[in-house]
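The values are calculated or read from the model by the stated rules, or taken from the named source; none is laboratory data. These figures come from a predicted structure and were not determined experimentally. Here Cβ is always computed from backbone atoms with ideal geometry, including for glycine, and neighbour counts include all displayed protein chains.
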Amino acid sequence: MVIELGLRGVPVQDQVEILVDYKGHTIATPRVDLIVGNLLVVELKCVETLSAVHVAQTLGYLAAGGFELGLIINFKTAAVRQGVRRVIRSLDPTDAFAPSRLRGQSV
């Protein structure tokens with residue numbers, strides 16, 4: 001997917017670490033599968049069915065990175081189109097996670 005997006009001129013980063021901190025201390029650095037155009041978080045899965053855990057994981061990445069929109073793409077379906085789930089997080093200016101916390105860059 002990274003290669004195809006790159007060939008089409010779409011900016012994409014893979015395996016991007018997001019810093020999760022608590023009171024100035026980094027407590028986790030999860031990796032997001034893809035960030036497309038510095039706007040869209042994409043999580044890639046190959047599971048029988050997507051569950052609430054997958055949505056919660058993506059919402060956590062959105063919150064920690066200061067993103068609003070994500071996609072979960074499950075490749076274990078008859079057609080990939082059937083395995084796409086959109087995840088939206090409303091940006092709240094009072095949200096403690098709103099600032100971007102991508103390691104090594106600003107969004």
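Determine whether the range 51-58 contains at least one residue that is surrounded by 20 or more Cβ atoms within 10 Å (Cβ to Cβ) and farther than 15 Å from Q13 by Cα. Reasoning before the result, please.
Within the range 51-58, the subset surrounded by 20 or more Cβ atoms within 10 Å (Cβ to Cβ) is 58.
From what is left, the residues that are farther than 15 Å from Q13 by Cα are 58.
Yes: one or more hits.
Taking the residues in the range 1-27 that are under 18 Å from the mean Cα position of the chain (by Cα) and assigned to a loop (DSSP other than H, G, I, E, B) as candidates, determine which candidate is surrounded by the most Cβ atoms within 10 Å (Cβ to Cβ). Only one residue fits best here, namely L19. Restricting attention to the range 64-107, the residues that are among the hydrophobic types (A, V, I, L, M, F, W, C), modelled with pLDDT of 90 or more and within 14 Å of the chain's Cα centre (by Cα) total 8. When the range 1-52 is filtered for residues that are over 16 Å from R86 (Cβ atoms), among the basic types (K, R) and in contact with a strand residue (DSSP E or B) (Cβ under 8 Å, 6 or more places away or on another chain), only R31 remains. Report, by residue number, each residue of the range 48-94 that is among the hydrophobic types (A, V, I, L, M, F, W, C), farther than 18 Å from M1 by Cβ and without any contact (Cβ under 8 Å) to a residue 12 or more places away in the chain. Those that are among the hydrophobic types (A, V, I, L, M, F, W, C), farther than 18 Å from M1 by Cβ and without any contact (Cβ under 8 Å) to a residue 12 or more places away in the chain: A52, V53, A56, A78.
Every condition in (1) modelled with pLDDT of 90 or more; (2) exposed (fewer than 15 other Cβ atoms within 10 Å of the Cβ); (3) of a type outside the set (S, T, N, Q); (4) in a helix (DSSP H, G or I) holds for E48 except the one numbered (4). Of everything in the range 28-42 that is β-branched (V, I, T) and within 13 Å of Y61 (Cα to Cα), the residue that is surrounded by the fewest Cβ atoms within 10 Å (Cβ to Cβ) is T29.
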